[in-house]
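The block underneath contains the structure these notes are about, expressed in structure tokens.
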Protein chains: 2
Amino acid sequence: MFASTPEPPYYAVIFTSKRVNDTGYAEMSARMMELAQQQPGFLGIESARGADGVGITVSYWSDLESIANWKAHAEHRVAQQRGRNEWYGGYVTRVAKVERDYAIGASPR
Amino acid sequence: MFASTPEPPYYAVIFTSKRVNDTGYAEMSARMMELAQQQPGFLGIESARGADGVGITVSYWSDLESIANWKAHAEHRVAQQRGRNEWYGGYVTRVAKVERDYAIGASPR
């Protein structure tokens with residue numbers, strides 16, 4: 001539920017999307033979660049999607065190179081293409097450097 | 001749904017939470033959304049919560065001072081306290097500097 005991340009700095013990829021169709025989505029999403037976790041520099045992932053189809057997924061990475069490598073990963077590129085063509089009405093991706101974090105009743109580490 | 005944000009750099013506050021009780025939550029959440037939008041430096045907000053109670057809210061700000069001011073806002077502090085005591089089983093907050101963004105079928109600006 002809460003990603004376990006190291007002391008900052010590290011990086012976050014904030015992916016906000018509107019899902020308009022879910023045929024085949026669950027399988028691909030599960031596969032991408034599994035695959036992301038195998039990538040160098042992957043630190044963790046958090047995700048939530050409401051009944052209105054709006055979802056936010058934040059993946060955490062040690063550095064920008066790891067993010068670029070994951071974006072370019074062949075199997076992930078196929079998923080991205082299917083996302084654009086089949087599942088998402090639109091999405092915005094933001095790459096950000098986490099400078100500090102704090103928690104209550106949970107631990108980021 | 002998608003926050004309208006300027007060209008990077010700007011800041012994101014990633015708030016990941018597990019809601020365990022929702023009595024009085026909707027009213028406070030709506031009030032905080034309204035109040036946040038009135039704060040200097042506020043750029044936009046995106047939010048999603050799933051049926052499992054896990055939610056991610058990302059608010060965007062022009063600078064760190066604006067984030068600090070919002071965190072210290074008297075009415076927001078009351079909401080934070082109620083959040084810890086009543087609504088959330090736990091949460092993690094991360095402050096991050098957005099370095100780049102891109103979109104498909106949506107615009108961050």
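The values are calculated or read from the model by the stated rules, or taken from the named source; none is laboratory data. Here the structure is a predicted model, which is why all the values come from computation and not from measurement. We place every Cβ from the backbone using ideal geometry, glycine too, and count neighbours over all the protein chains shown. Each accessible area value is taken on the protein alone, full model and side chains, heavy atoms only, with ligands, DNA and RNA left out. Shrake-Rupley method; radii C 1.70, N 1.55, O 1.52, S 1.80 Å.
Answer yes if at least one residue in segment B:35-58 is open to solvent by less than 30 Å² (accessible area, probe 1.4 Å), among the aromatic types (Phe, Trp, Tyr) and touching a residue at least 12 places away in the same chain (Cβ under 8 Å), and no otherwise.
No: segment B:35-58 contains no residue that is open to solvent by less than 30 Å² (accessible area, probe 1.4 Å), among the aromatic types (Phe, Trp, Tyr) and touching a residue at least 12 places away in the same chain (Cβ under 8 Å).
Hey, can you tell me all the residues within segment B:11-22 that are more than 9 Å from chain A (Cβ to nearest Cβ) and in a strand (DSSP E or B)?
Within segment B:11-22, B:13, B:15, B:19 qualify.
Out of segment B:59-70, which residues are open to solvent by 20 Å² or more (accessible area, probe 1.4 Å) and facing chain A (nearest Cβ under 10 Å)?
B:64
Which residue pairs have Cβ atoms under 8 Å apart, sit 6 or more places apart or on different chains, and have a first residue in segment B:82-109 that is over 17 Å from residue B:71 (Cβ atoms) and among the polar types (S, T, N, Q) and a second that is open to solvent by 70 Å² or more (accessible area, probe 1.4 Å) and at pLDDT below 95?
B:107/B:4
Looking at segment B:32-50 only, could you name the residues that are within 22 Å of residue A:51 (Cβ to Cβ) and either at pLDDT below 95 or away from chain A (no Cβ under 11 Å) (or both)?
Passing the criteria: B:32, B:33.
State yes or no: is residue A:88 more than 11 Å from every other protein chain (Cβ to nearest Cβ), over 12 Å from the mean Cα position of the chain (by Cα) and aromatic (Phe, Trp, Tyr)?
So residue A:88 fails the test.
Restricting attention to segment B:66-93, which residues are more than 13 Å from residue B:13 (Cβ to Cβ) and either among the charged types (D, E, K, R) or part of a strand (DSSP E or B) (or both)?
Within segment B:66-93, B:75, B:77, B:82, B:84, B:86, B:88, B:89, B:90 qualify.
Restricting the search to segment A:67-76, which residues are in contact (Cβ under 8 Å) with a residue 40 or more places away in the chain and out of contact with any strand residue (DSSP E or B) (no Cβ under 6 Å at 6 or more places or on another chain)?
Those that are in contact (Cβ under 8 Å) with a residue 40 or more places away in the chain and out of contact with any strand residue (DSSP E or B) (no Cβ under 6 Å at 6 or more places or on another chain): A:75, A:76.
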